[in-house]
Structure formats: structure tokens, C-alpha cells
Amino acid sequence: MAYWLLKSEPDVFSWNDLVARGAAGEPWNGVRNHTAKLNMMAMKRGDQAFFYHSQAGKEIVGVCEVIAEAYPDPTDPKGVFVCVDVRAVEPLPRPFTLAEAKADPALKAMSLVTSFRLSVQPVTDEEWSHILACVGVDQTASQ
């Protein structure tokens, strides 16, 4: 399994919007960046992602799961970009802010800190575990 971070402006599509979609999930469409496109093409069913509120909040608020691998983005009239489908898994016990990530030496190389404008980012196993530990998620329960 790989880990990712997906950014969305909460006034456009929020964590609560994804939760409301239930098991059917939502296409993660409208991404128009080639690096983000390549990241989505690398996603596999079952991969997990942090859901990040950009602009307002600037914080990771939940965990979602890839439920459909990359396919042509129906909102792209040129047929260049792809999307994946994701569903909400669980909210974080508390948000993990961009300020916290920037202040944490363990996350100094994380894409969220180094490439903060990229809307779909890889997250290493170590970064994933570290952030979950910081917000109080017991990772031994899922192992």
C-alpha cells in the first residue's frame, strides 16, 4: 500500500462533503497539474490518503481510501488528465496543521512542506506513521 495527500479547498469540496458521499465515494477530478496526474496514475485501489483542507484551514483533517484507479477525467475536455475515486475512511482525532508540519524536523522533506502547491502528493510510510502518532491515532490497532 502507498500513501498520498490530497488537497481540496473546503469551500469547494470539504472533508464533510466526502463523508456525505458514503461508500460510493467521489471522483477526485479537476486536477490540472502533470506531476499530480502522474501521482494519481501511480495510485492503486486500497491506497490511503490524507485529506487536506487547503486555503482555509491548511490542515490534514481525515483519511480517505482510493476505491477506483486512474481513469480519464470526465471534466477534462482535452482528455489529458485523469482522476481516481476516493471514499472517506475516518476523520483524524484532531487536525494536523501545515504550521505543525513545517515546525517538525521529522517532516522537513515531506512534499507538504517542500512542494506545498502540489495538489496530489506522495507521503512516505514514515511521514504517514509520524503524523498519525502526532494526532493520537493508535496504529497498532490496525496492524
Most positive-pole-ward Cα, A49, P105, I131, against dipole of segment 7-133 from beta carbon charges: P105
Heavy-atom accessible area order for E65, E126, E90, largest first, 1.4 Å probe: E126, E90, E65
Heavy atoms of K58 accessible to a 1.4 Å probe, total area in Å² rounded to 10: 100
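Identify the trypsin sites (Lys or Arg not before Pro) of segment 60-143 meeting these criteria: DSSP loop state and at most 11 other C-beta atoms within 10 Å of the C-beta.
On the way: sites: K78, R87, K102, K108, R117; in loops: K78, K108, R117.
Hits after loop and neighbour filter: K78, K108, R117.
Taking the Cα centre of segment 1-55 as origin and charging only Cβ (+1 Lys, Arg; -1 Asp, Glu), how large is the dipole, in debye to the nearest 20? Don't skip to the answer; put the middle values down first.
On the way: 6 positive and 5 negative charges, 55 e Å.
Roughly 260 debye for segment 1-55.
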Length added when fully stretched, N33-S129, from 0.36 nm per residue minus Cα-Cα: 31.8 nm
Distance in nm between pseudo-label sites at R45 and D138 (7 Å out along the Cβ direction from Cα): 3.2
Accessible carbon and sulfur surface of the chain relative to its total accessible area, %, 1.4 Å: 53
Residues of the chain: accessible area per residue with a 1.4 Å probe, Å²: 52
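Pulled fully out, how much extra length does the chain show between K78 and R21, if you take 0.36 nm times their separation in residues and subtract their Cα-Cα distance?
Numbers: separation 57, 0.36 × 57 = 20.52 nm, distance 2.73 nm.
Roughly 17.8 nm would be gained on extension.
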Phi-based couplings in Hz for segment 76-92 (Karplus 6.51, -1.76, 1.60; Gly and Pro marked x): 9, x, 8, x, 8, 9, 10, 9, 10, 9, 10, 10, 5, 9, 6, x, 6
Structure-derived Cα extents along the principal axes in Å: which label, when the choices are (i) 52, 34, 28; (ii) 71, 58, 31; (iii) 41, 30, 29: (iii)
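Rounded, prolate or oblate for segment 62-143? Axes are the square roots of the Cα gyration tensor eigenvalues, ordered a ≥ b ≥ c, and the cut-off for rounded is a/c under 1.5. Intermediate values should be presented prior to the final figure.
Details: a/c = 2.61, a/b = 1.54, b/c = 1.70.
Oblate.
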About the Cα centre, charge dipole magnitude for the chain (Lys/Arg +1, Asp/Glu -1 at Cβ), debye: 360
Eligible lysines near K37 by straight Cα distance, threshold 20 Å, same-chain separation 8 or greater: K7, K78
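If you take the square roots of the eigenvalues of the alpha-carbon gyration tensor of segment 47-107 and sort them as a ≥ b ≥ c, do you get rounded (a/c under 1.5), prolate (a/b over b/c) or oblate?
On the way: a/c = 2.61, a/b = 1.88, b/c = 1.39.
Because a/c hits 1.5 or more and a/b exceeds b/c, segment 47-107 counts as prolate.
Around V82, under 10 Å between beta carbons, what's the net of Lys plus Arg minus Asp minus Glu among the other residues? Don't skip to the answer; put the middle values down first.
Values: positive: K37; negative: E69, D73, D76.
Its environment carries a net charge of -2.
The values are calculated or read from the model by the stated rules, or taken from the named source; none is laboratory data. What you are looking at is a predicted structure, and each value in this text was computed from that prediction instead of being measured. Note that each Cβ is placed from the backbone with ideal geometry, even for glycine, and that neighbours are counted across all protein chains shown. These accessible areas exclude ligands, DNA and RNA; they are computed on the full protein's heavy atoms, side chains included. Shrake-Rupley method; radii C 1.70, N 1.55, O 1.52, S 1.80 Å.
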